[in-house]
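Peer 1: Below is a structure I'd like to ask you about.
The values are calculated or read from the model by the stated rules, or taken from the named source; none is laboratory data. A quick note: this is a predicted structure, and the numbers were derived from the prediction, not measured. Cβ placement follows ideal geometry from the backbone for every residue including glycine, while neighbour counts extend to all protein chains displayed.
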Amino acid sequence: MAEPRILHVNDQFRWGGGEAQTWLLIRELERLGIENHALVCSGGALATRLAGILPAGRLHRLARPLWALLPLVLSTQGLRSCTVLHAHTGRATQAFQALPAAAVAKVAHRRIPDAPSAGGRQRLARADAVLCVSEEIRRRLAASGLGVGGRPRLETVHSSAEVLSLPAERLSLPGRPVLGYLGWFRRHKGLDLLLDALPAVRVSHPDLHLHLVGSGDEEPALREQVRRLGLESCVSFHPFQDQPGPWLAALDLFILPSREEGLGSVALQAQALGVPVLGTRCGGLPEGVAHDKTGWLVEAESAPALGAGLCHALADPARLRAWGAAGPAWVEAGFSPAAMARRTLEIYRGLVA
């Protein structure tokens, strides 16, 4: 039986967790000898990185204004040679409406825990399989009525992170301890709750410093909250980083105070680098962080819980280091890119058999 030939579709221009996972999946599938094609945003970060692993004839670029015409464009973008279309973003699932029912196997990726909109649910219902980055997302989609009768198939395929060697020269950041967050500055990330928790934590850890690395529409409000709480001396903002490894490796503790989270791929990357994680019990985070083994989990949407969790994590430096030391093995065992690719390929093969 011939191996599946995959067309990956991702419309995002900037680099984020979903784009990192798309890139890792394609890279690992290429290593397995699978033929991959990709339709991505012209000039975007994913296009740049995929150019290093895909031949020019299998990397298709679409200008940002033309993504509104995605179903039409796809009729001329190499579908004749592909047996699976993998939509990595919500917008990419619009492609399904352009495909005859059985012409190409349709795979959607669901990375966010929110219930899909009515339109989003209709698009997901056209898929043959929906890959969920956490078991919690799979349960929520099933609860919404998707997957009844086995169509679409709802499959859990955890996101991945590589166990990387630490940078030769560690980035030096102020703080004793050095705390940090990397990602989008958006309300569901809970950064306002983290800032509200800091004054109480500083009573016992006056030299701590929190580094917020990223960008997003909440940044002005967060900066104003820092000023209002008098935290200017212990909170720093840094721009979005396409290469987060050195920043993560410089931390004593990575904090993901989310109100909601699909899985938290950046938390996986922190653990892969030997950095312990303080997270919340929301979405798929409890699947990605081993409580009291690689980090500590607290109640979501609670500044007092975050404060208590921070005080607990920082109270015992030896325990904090032990959590960090356990992280690489935890990630390698359950969240490696190779394992993600093998599981995804198994699903592709089942769809085209």
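Peer 1: In the range 137-195, how many are within 30 Å of LYS106 (Cα to Cα) and either touching an Asp or Glu at 6+ places or on another chain (Cβ under 8 Å) or among the β-branched types (Val, Ile, Thr) (or both)?
Peer 2: So the answer is 10.
Peer 1: In addition: Looking at ALA68, ALA56, ALA20, can you tell me which residue is within 21 Å of SER159 (Cα to Cα) and among the hydrophobic types (A, V, I, L, M, F, W, C)?
Peer 2: ALA20
Peer 1: So is SER233 assigned to a loop (DSSP other than H, G, I, E, B) and crowded, with 21+ Cβ neighbours inside 10 Å or not?
Peer 2: Here the answer is no, as SER233 does not meet what is asked.
Peer 1: Please go through the range 18-47 and give me each residue that is part of a helix (DSSP H, G or I), in contact (Cβ under 8 Å) with a residue 40 or more places away in the chain and of a type in the set (Val, Ile, Thr), ordered by number.
Peer 2: THR22
Peer 1: Conditions first: (1) in contact with a strand residue (DSSP E or B) (Cβ under 7 Å, 6 or more places away or on another chain); (2) more than 28 Å from VAL203 (Cα to Cα); (3) not small (Gly, Ala, Ser). GLU260 passes all but one, so which condition is the exception?
Peer 2: (1)
Peer 1: Being without any contact (Cβ under 8 Å) to a residue 24 or more places away in the chain and either more than 23 Å from the chain's Cα centre (by Cα) or in a strand (DSSP E or B) (or both) is the filter here; which residues of the range 285-304 pass it?
Peer 2: HIS291, LEU297, VAL298
Peer 1: Which residue pairs have Cβ atoms closer than 8 Å, lie 6 or more positions apart in sequence or on different chains, and pair a first residue in the range 114-140 that is assigned to a loop (DSSP other than H, G, I, E, B) with a second residue that is crowded, with 18+ Cβ neighbours inside 10 Å and among the aromatic types (Phe, Trp, Tyr)?
Peer 2: Correct list of pairs: ARG126/PHE96; ALA127/PHE96.
Peer 1: Are there any pairs, at least 6 apart or on different chains, whose C-beta atoms fall under 7 Å, with the first in the range 225-242 and touching a residue at least 12 places away in the same chain (Cβ under 8 Å) and the second part of a loop (DSSP other than H, G, I, E, B), and if so, which?
Peer 2: VAL226/GLU232; CYS234/LEU208; ASP242/TRP15
Peer 1: Still on this structure, I have one more. Could you identify the single residue in ALA305, ALA341 that is among the hydrophobic types (A, V, I, L, M, F, W, C) and buried (at least 19 other Cβ atoms within 10 Å of the Cβ)?
Peer 2: Selected residue: ALA341, the only one of ALA305, ALA341 that is among the hydrophobic types (A, V, I, L, M, F, W, C) and buried (at least 19 other Cβ atoms within 10 Å of the Cβ).
Peer 1: I would also like to ask the following. How many of the residues in the range 235-282 are β-branched (Val, Ile, Thr) and over 17 Å from GLY295 (Cβ atoms)?
Peer 2: Selection size over the range 235-282: 1.
Peer 1: So TRP67 passes all but one of these: (1) touching a residue at least 40 places away in the same chain (Cβ under 8 Å); (2) in contact with a strand residue (DSSP E or B) (Cβ under 6 Å, 6 or more places away or on another chain). Which condition number does it fail?
Peer 2: (2)
Peer 1: Can you tell me which residue in the range 79-100 is modelled with the lowest pLDDT, limited to those that are closer than 16 Å to CYS41 by Cα and assigned to a loop (DSSP other than H, G, I, E, B)?
Peer 2: Only one residue tops the list, namely GLY90.
Peer 1: Need pairs with beta-carbon distance below 8 Å; first residue outside any helix (DSSP H, G or I) and within the range 48-62, second of a type in the set (D, E, K, R); sequence gap 6+ or separate chains.
Peer 2: ILE53/ARG27; ILE53/GLU30; LEU54/GLU30; LEU62/ASP11
Peer 1: Something else now. Would you pick out the residues in the range 277-320 that are more than 11 Å from PRO257 (Cα to Cα) and charged (D, E, K, R)?
Peer 2: Scanning the range 277-320 gives GLU287, ASP292, LYS293, ASP316, ARG319.
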